[in-house]
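Each remark here refers to the structure printed beneath this line.
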Amino acid sequence: MAKKRLTVGWLYPDLMNIYGDRGNILTLLKRAEWRGYDARVLELGRGTVKGMAEVDVFFFGGGQDREQALVYEDLLEHKQAPLEKAVAAGAIVLAVCGGYQLLGHYYQTAEGERFPGIGMIDVKTEAGKKRFIGDVIVDSGIEGLEPQTLVGFENHSGRTFLGSAARPLGKVRMGSGNNGADGTEGCLQGGVLGTYLHGSLLPKNPQLADYLIRRALNRRGVSELSKLDDSAELAAHARILQRAQPRAQQS
Ligand code: GLN
């Protein structure tokens, strides 16, 4: 019997990959391998690429304004159509910070330069002068996620505002999140999960990694994943919550 497979598609690994974002790729691959999957990564750099229809989980990492300027046209020209087709067929996208911003309607730099996004999620982002930097704790709105909290690190000038078609990934308990004003963090819309959480995100939030893998493999008849020993990952998660306690109470 052919080995079960999980394919992770990594958008612009050479340009959109900061603050440890690569750790998300490793986490997705390892958690699938530990369950007997043949897990592989498909690097999706600039230009025409093959194989996006086979991808189960797409990852789009963060990048400074300079890197976003280098990828946004390629995203519109070469990736938008196959990405939308793959998501319509059940693939899932995890997008962090700069990647999250470019899946929206646009990202506007603090200097006023606007990079059009692909409008896959109903969000818009405008950078401010002050950067939001630091640890973040989010009370997620994803049903059945255990733990319900998500922990990570943010470093962005963009302020993201959600339109009516997008719902927040959660509410910030500590940190700035989407815009430092409305208390929301990230977004969930269709098969896209966007967030400002770097760190990297998934190693300290294994429950979210499994949520993404399960959703992506749902179309292949997978509804449950075998349990893994996450004691080390959850200890790191709990440590962040504990460490942040005094500051969380102040903010
Ligand atoms: N350049 C974007 C901003 O400053 C995204 C930064 C990032 O990906 N960390 O908001």
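Note the full-extension length gain between Val49 and Gln80 as 0.36 nm times their separation in residues minus their Cα-Cα distance, in nm to one decimal.
10.0 nm
Pick out which of Leu228, Leu103, Leu217 has the largest mean-square fluctuation in a Gaussian network model of the chain, springs linking Cα atoms closer than 10 Å.
Of Leu228, Leu103, Leu217, the most mobile in the Gaussian network model is Leu228.
Below 22 Å, Cα to Cα, which lysines can Lys227 reach? Residues fewer than 8 away in the same chain don't count.
Straight-distance partners of Lys227: Lys3, Lys4, Lys30, Lys204.
Among Leu234, Leu75, which comes first, then next, by fewest other beta-carbon atoms within 10 Å? Provide the component values of the computation, followed by the final result.
Numbers: Leu234 16, Leu75 24.
Fewest-to-most ranking of Leu234, Leu75: Leu234, Leu75.
Relative contact order of the range 109-188, please, whole-number percent, based on alpha carbon pairs below 8 angstrom and at least 6 residues apart.
31 percent
Report the charge-dipole magnitude of the chain in Debye, nearest 20, computed about the Cα centre from +1 at each Lys and Arg Cβ and -1 at each Asp and Glu Cβ.
Values: 31 positive and 29 negative charges, 81 e Å.
Its charge dipole is roughly 380 debye.
Fewest first, what order do Lys124, Lys4, Lys130 take by the number of other Cβ atoms within 10 Å?
By the 10 Å Cβ count, ascending, the order reads Lys130, Lys4, Lys124.
Choose one of Ile137, Gly119, Gly158: the residue whose Cα lies farthest towards the positive end of the charge dipole of the range 109-164 (beta-carbon charges +1 Lys, Arg; -1 Asp, Glu; about the Cα centre).
Result: Gly158.
State the Cα centre-to-centre distance between the range 1-67 and the range 199-219 in whole Å.
One Cα centre to the other: 13 Å.
Note down the net charge around Gly163, summing +1 for each Lys or Arg and -1 for each Asp or Glu among other residues with Cβ under 10 Å from its Cβ.
Within the 10 Å Cβ shell, the charges total 0.
From the helices alone, meaning DSSP H stretches of at least four residues, give me the mean residue ellipticity at 222 nm for the chain, per-run term -39500 (n - 2.57), in deg cm²/dmol to the nearest 500.
That comes out to -8500 deg cm²/dmol.
Take Arg243 and Leu145, extend 7 Å from each Cα along the Cα→Cβ direction, and tell me the distance between the two endpoints in nm.
Placing both labels 7 Å along Cα→Cβ, they lie 2.0 nm apart.
Restricting to the chain, compute how many DSSP beta bridges are antiparallel as a %, nearest 5.
55 percent
Got a sec? How would Val136, Val192, Val96 order by Cβ neighbour count within 10 Å, fewest to most?
In increasing order of surrounding Cβ atoms, one gets Val192, Val136, Val96.
By how many nm would the segment from Lys130 to Asn218 lengthen if fully extended, with 0.36 nm per residue of separation less the alpha-carbon distance?
Net length gain for the segment: 27.6 nm.
Defining a contact as two alpha carbons under 8 Å apart and six or more residues distant in sequence, what relative contact order in percent does the chain show?
Once divided by the residue count of the chain, the mean separation gives 18 percent.
Do the alpha carbons of any pairs in Lys50/Lys79; Lys85/Lys171; Lys79/Lys130 sit beyond 22 Å of each other, and which pairs?
Listed pairs above 22 Å: Lys85/Lys171; Lys79/Lys130.
Residue separation times 0.36 nm, minus the C-alpha to C-alpha distance between Ala181 and Leu26: what's the value?
Here the segment from Ala181 to Leu26 would lengthen by 52.5 nm.
Just the Kirkwood number for the chain, please: inverse of mean 1/r across all distinct Cα pairs, in Å, one decimal.
18.0 Å
Laboratory data are not the source of any read-out in this text; all were calculated from the coordinates shown. Treat the numbers as computed from the prediction; the structure is a model and nothing was measured. All Cβ positions, even for glycine, are placed from backbone atoms using ideal geometry, and neighbour counts span all protein chains on display.
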